[in-house]
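Below is one structure, written out as C-alpha cells; comments come after it.
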Amino acid sequence: MLRTGSALGVAVIGHSFMGKAHSQAWRNVNATYDSTLVSMRVLVGSNPTSTAESAAKYGWEESSTDWRATILREDIDIVDICTPGALHAEIALFALAHGKHVVVEKPLANTLAEAEEMNAAALAAAERGVISMVGFNYRRIPALTMAQRMLAEGRLGQLRQLNIRYYQDWLVDDSAPMTWRLRKDEAGSGALGDLASHAVDQLRFLTGAQISSASATSRTFVTERAGDSGPEQVSVDDAIWATLELDNGAIATVEASRMATGRKNSLRIEVYGSQGSLEFDLESMNFLKLYEASHDAGEQGFKSIMVTEPEHPYLDGWWPTGHVLGWAESFTHEIRDFLAAIVSGIPASPSFADGLAVQRVLAGIEDSATQSGARVKVAGAN
C-alpha cells in the first residue's frame, strides 16, 4: 500500500482532545525517530471554523468537514480515527473498504457487534496489505513496555494477582455540564469504556493471558446533568468495580471511576507473582518499581527504576538519561510502531482482534453489573 517515492498522506478525523494528541504525534514522529515520512494532509471535524483553526494550529495542510470525501482522496494513505465511539465503526469500515491503513482510538467500538464487524473487515483488508491498529497508547509508555518484557521473561515467577485502578475526578461536581461522554448512544459506556478499557488491555498486554470471566458492579452517582436544552439524563456509568479471572490462574481486580475526588489521571498497576512484584503509577510514569523475592531478607524491598536510559524501550529517539518523558510521547511511540508495521507488512499491535478481545471483557463486566455481580463468562473464552 506504500506509494513509491512519496510520503504517506495522513488524515486525522476528530480535532479536539484526542485529535490534538494524535496531531502532535504525527508532527513529531519524523523529528524523533528515523521513521517513514508522512504528510499531514487533512484534519477533519464537524465544525468548519473550529476545525480550520485547529488544523492551522496543529500543522495540517488543510481541513475538511467531509470524512468520506477525505478518505476517498488518492493522496490519503492513513486514516486516524479520533471521534466519539459512535462513529468508529462507520468510518473504519469505510476506510478499510477503500484500502486505507487505519488506526482507531480506544475503545475499538461502542458495542460488541460493531467490534466484531470491524475485526472481520480488518482481517479481510489485511489480505490486501492494509494495516489496522487500535490506539491503546499506554502499551507504549516505556516503563510499562519494560514491565511486559520482565513478565514475559518470568522475572516474577507464577503470576497470582493483579490490581489495576484508573481514577479521575472530572465529574465529581454535580453541576458539571452534560457532555457526549455521558450519553450511551455516543460514548457506548462511561468509565467502563473510557478508563477500564485501558486497564483490561494492560491486563492482556502485561500477562499475555486471556480473561475468562467477570463479576462486577457499576454505579451512576449523578443521574442528571445540565444540558443545552435543560436537564438531561446520564445514560452511562460513573464508576465500575470488577473481579476478573484469567486463564493462567491469576485473579485481577479492575476499578475505574470519573468520580474519585482528588485523582486527576491516576492509573495504578500492581502485579504480584511467586518470585516478585511490580508497581506502576501513571502520575510517576518514568518509574517502575520492582520487588525480587530472591534477594536476601535483609536487602529485600521495592527498587525504583528510572526508565530513561538509552537501552530502555523507545528512549533511543529522545533525550539524554534522566530527561523524563510525558504522557504525550506515548502517542509518538504508537505512531512510530504503526508506520513500521505499514512498511514491513507485519500486523500492527494491538490489532482490531485485541480491541475485540477487550470489548468482550467490557461486555462481560457490563452484563455482570446488570445481574447484581453474578459471575459471567467472557465471550470467546475457553
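Keeping all protein chains in position, work out how much accessible area residue 372 exposes to a 1.4 Å probe, and write it in Å² to the nearest 10.
So the heavy atoms of residue 372 present about 110 Å² to solvent.
Given [x] 0.94; [y] 1.59; [z] 0.99, which label gives Cα Rg over 2.2 N^0.38 Å as computed from the coordinates?
[z]
Explain nothing, just compute: Karplus ³J(HN,Hα) = 6.51 cos²θ - 1.76 cosθ + 1.60, θ = phi - 60°, for every residue of region 209-224 in order, whole Hz, x for Gly and Pro.
Working through the residues one at a time gives 9, 9, 9, 9, 8, 9, 10, 8, 10, 10, 8, 10, 6, 10, 8, 9 Hz.
Quick one: compute the contact order of the chain, relative version, from alpha carbon pairs under 8 angstrom and 6+ residues apart, as a percent.
Numbers: 838 pairs, mean separation 75.5, N = 382.
Here the relative contact order equals 20 percent.
Once each part is reduced to its C-alpha centroid, what is the distance from region 38-95 to region 313-352 in angstrom?
Cα centroid to Cα centroid, the span is 22 Å.
Please calculate the 1.4 Å probe accessible area of residue 323, with all protein chains present, and give it to the nearest 10 Å².
It works out to around 100 Å².
For residue 111 paired with residue 224, estimate the spin-label separation in nm (one decimal), with each label point 7 Å from Cα along the Cα-to-Cβ line.
2.9 nm
On a 1.4 Å probe surface of the protein chains, which of 287, 17, 280, 205 comes out largest in accessible area, and what is the full order? Could you put the intermediate results ahead of the total?
Working: 287 80, 17 120, 280 5, 205 35 Å².
Sorted descending by solvent-accessible area, the residues read 17, 287, 205, 280.
Taking a spot 7 Å from the Cα of residue 248 along the direction of its beta carbon, which residues of region 169-200 have an amide N less than 17 Å from it?
199-200
Remind me, relative contact order of region 8-133 in percent, using alpha carbon pairs under 8 angstrom and six or more residues apart?
On the way: 221 pairs, mean separation 29.4, N = 126.
The value is 23 percent.
Could you rank 174, 34 by how accessible they are, 1.4 Å probe, largest area first?
Working: 174 105, 34 165 Å².
Highest to lowest solvent-accessible surface, that is 34, 174.
Run the numbers on region 266-382 and let me know its relative contact order in percent, using alpha-carbon pairs under 8 Å that are six or more apart.
Working: 111 pairs, mean separation 13.7, N = 117.
Taking the mean separation of contacting Cα pairs over the length of region 266-382, I get 12 percent.
Pull up all non-local amide H partners of residue 46: gap of 5 or more, or a different chain, and H-to-H distance under 5 Å with H placed in the peptide plane.
Here the answer is none, since no amide H 5 or more places off falls under 5 Å of that of residue 46.
How much length, in nm to one decimal, is gained on full extension between residue 294 and residue 17, taken as 0.36 nm per residue of separation minus their Cα-Cα distance?
Numbers: separation 277, 0.36 × 277 = 99.72 nm, distance 4.46 nm.
Full-extension gain reported as 95.3 nm.
I want to check the label-to-label distance for residue 65 and residue 27. Put each point 7 Å from Cα in the C-beta direction and report it in nm to one decimal.
Taking the two extended label points, one gets 2.4 nm.
Order 220-227, 65-72 from most to least packed using the mean count of other Cβ atoms within 10 Å.
On the way: 220-227: 14.0, 65-72: 15.9.
Most protected by this proxy first, the peptides run 65-72, 220-227.
When the Cα atoms of region 167-285 are enclosed in a convex hull and the volume is divided per residue, what value in Å³ results?
Working: hull volume 13.1 nm³, N = 119.
Taking only Cα atoms, region 167-285 has a hull volume of 110 Å³ per residue.
Take the Cβ-Cβ distance between residue 50 and residue 149 as r, set R0 to 56 Å, and report the resulting FRET efficiency rounded to the nearest 0.05.
Numbers: r = 42 Å, r/R0 = 0.74.
It comes to 0.85.
When the chain is fully extended, how far beyond the present Cα-Cα distance does residue 97 get from residue 274, taking 0.36 nm per residue of separation?
Working: separation 177, 0.36 × 177 = 63.72 nm, distance 4.76 nm.
Gain in length upon complete extension: 59.0 nm.
Considering lysine pairs in the chain that are 8 or more places apart or on different chains, how many have Cα atoms under 16 Å apart? Display every interim value, and only then the final one.
Values: 20/57; 20/106; 106/184; 289/303.
Close lysine pairs under the 16 Å cut-off: 4.
Kindly report, to the nearest 10 Å², the accessible surface of residue 77 as traced by a 1.4 Å probe over protein heavy atoms only.
Answer for residue 77: close to 10 Å² accessible.
The values are calculated or read from the model by the stated rules, or taken from the named source; none is laboratory data. Only a predicted model underlies this, so the values are computations on that prediction, with no experimental measurement involved. We place every Cβ from the backbone using ideal geometry, glycine too, and count neighbours over all the protein chains shown. Areas reflect the complete protein model, heavy atoms only, side chains present, ligands, DNA and RNA absent. Shrake-Rupley method; radii C 1.70, N 1.55, O 1.52, S 1.80 Å.
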